[in-house]
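Asker: Following this message is one structure expressed as structure tokens.
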Amino acid sequence: VKNLLITNRNERPFQPFLGANLRGLLFEPADALTKIALKENILNVLVNHEPRIIVQDIDIKDLADQNAYRILVKMRIKEFDNNDTVEIVLRRLR
């Protein structure tokens with residue numbers, strides 16, 4: 001799941017639509033529209049490319065003082081019927 005989220009589109013050969021393209025949204029204004037776009041990208045890539053999980057919640061927190069976003073994805077793994085979380089911190093590097 002983490003690999004899908006940190007992959008950009010057109011990054012993998014022969015799979016141009018694989019990836020959430022989150023780095024492309026890092027330099028957008030930190031507002032509600034950017035959070036919605038991040039959440040939609042995450043949900044789309046997980047629904048389309050990871051059928052073994054069910055996404056329960058996506059929490060995005062803007063860390064403006066650190067120029068970053070903290071993304072927490074809560075999911076249920078179908079095969080084992082247990083819950084798991086993945087946390088990613090996206091930072092803007094200068």
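Asker: Placing unit charges on C-beta atoms (Lys and Arg positive, Asp and Glu negative, everything else neutral), compute the dipole magnitude of the chain about its Cα centre in debye, rounded to 20.
Answerer: Dipole about the Cα centre, nearest 20: 260 debye.
Asker: Something else: Might you tell me the accessible area per residue for the chain, computed with a 1.4 Å probe and given in Å²?
Answerer: Dividing the accessible area of the chain by its residue count gives 67 Å².
Asker: Starting from 0.36 nm per residue, how many nanometres of slack lie between GLU50 and ARG23 once their C-alpha separation is accounted for?
Answerer: Here the segment from GLU50 to ARG23 would lengthen by 7.7 nm.
Asker: Add +1 for every Lys or Arg and -1 for every Asp or Glu among the other residues with Cβ under 13 Å from the Cβ of ARG76, and state the total.
Answerer: Values: positive: ARG52, LYS74, LYS78; negative: GLU50, ASP57, GLU79, ASP81, ASP84.
Around ARG76, the charge tally is -2.
Asker: Of all accessible surface on the stretch 16-94 at a 1.4 Å probe, what whole percent is carbon and sulfur?
Answerer: It is 51 percent, rounded to a whole number.
Asker: With an 8 Å Cα cut-off and a minimum separation of 6 or more residues, compute the relative contact order for the chain in percent.
Answerer: 21 percent
Asker: With only alpha-carbon atoms in the gyration tensor, what are the semi-axes of the equivalent ellipsoid for the chain, in Å, largest first?
Answerer: In descending order the semi-axes read 22, 17, 11 Å.
Asker: Could you tell me the center-to-center distance, by alpha carbons, between the stretch 44-58 and the stretch 76-94 in angstrom?
Answerer: Answer, in whole Å: 11.
Asker: Quick check for you: which residues of the stretch 40-58 have the amide N under 14 Å from the point 7 Å beyond the Cα of ARG76 toward its beta carbon?
Answerer: Flagged as within label range: 52-57.
Asker: So what are the ³J(HN,Hα) numbers for the stretch 51-59, from phi and the Karplus equation (6.51, -1.76, 1.60; θ = phi - 60°), rounded to whole Hz, Gly and Pro as x?
Answerer: Coupling constants for the stretch 51-59: x, 7, 10, 10, 6, 9, 7, 10, 10 Hz.
Asker: If I fit a long axis through the Cα atoms of helix 32-49 and take the longest principal axis of the Cα atoms of the chain, what angle between them do I get, 0 to 90°, rounded to 10?
Answerer: 30 degrees
Asker: Looking at LEU26, VAL47, ILE36, which one has the Cα that reaches farthest to the positive end of the dipole of the chain (charges on Cβ: Lys, Arg +1; Asp, Glu -1)?
Answerer: After comparing all options, I get LEU26.
The values are calculated or read from the model by the stated rules, or taken from the named source; none is laboratory data. It should be emphasised that the depicted structure is a prediction, and the values quoted were computed from it without experimental measurement. Every residue, glycine among them, receives a Cβ derived from its backbone with ideal geometry; neighbour counts consider all protein chains shown. For the accessible areas, the whole protein counts, side chains as well, though only heavy atoms, and no ligand, DNA or RNA atoms are used. Shrake-Rupley method; radii C 1.70, N 1.55, O 1.52, S 1.80 Å.
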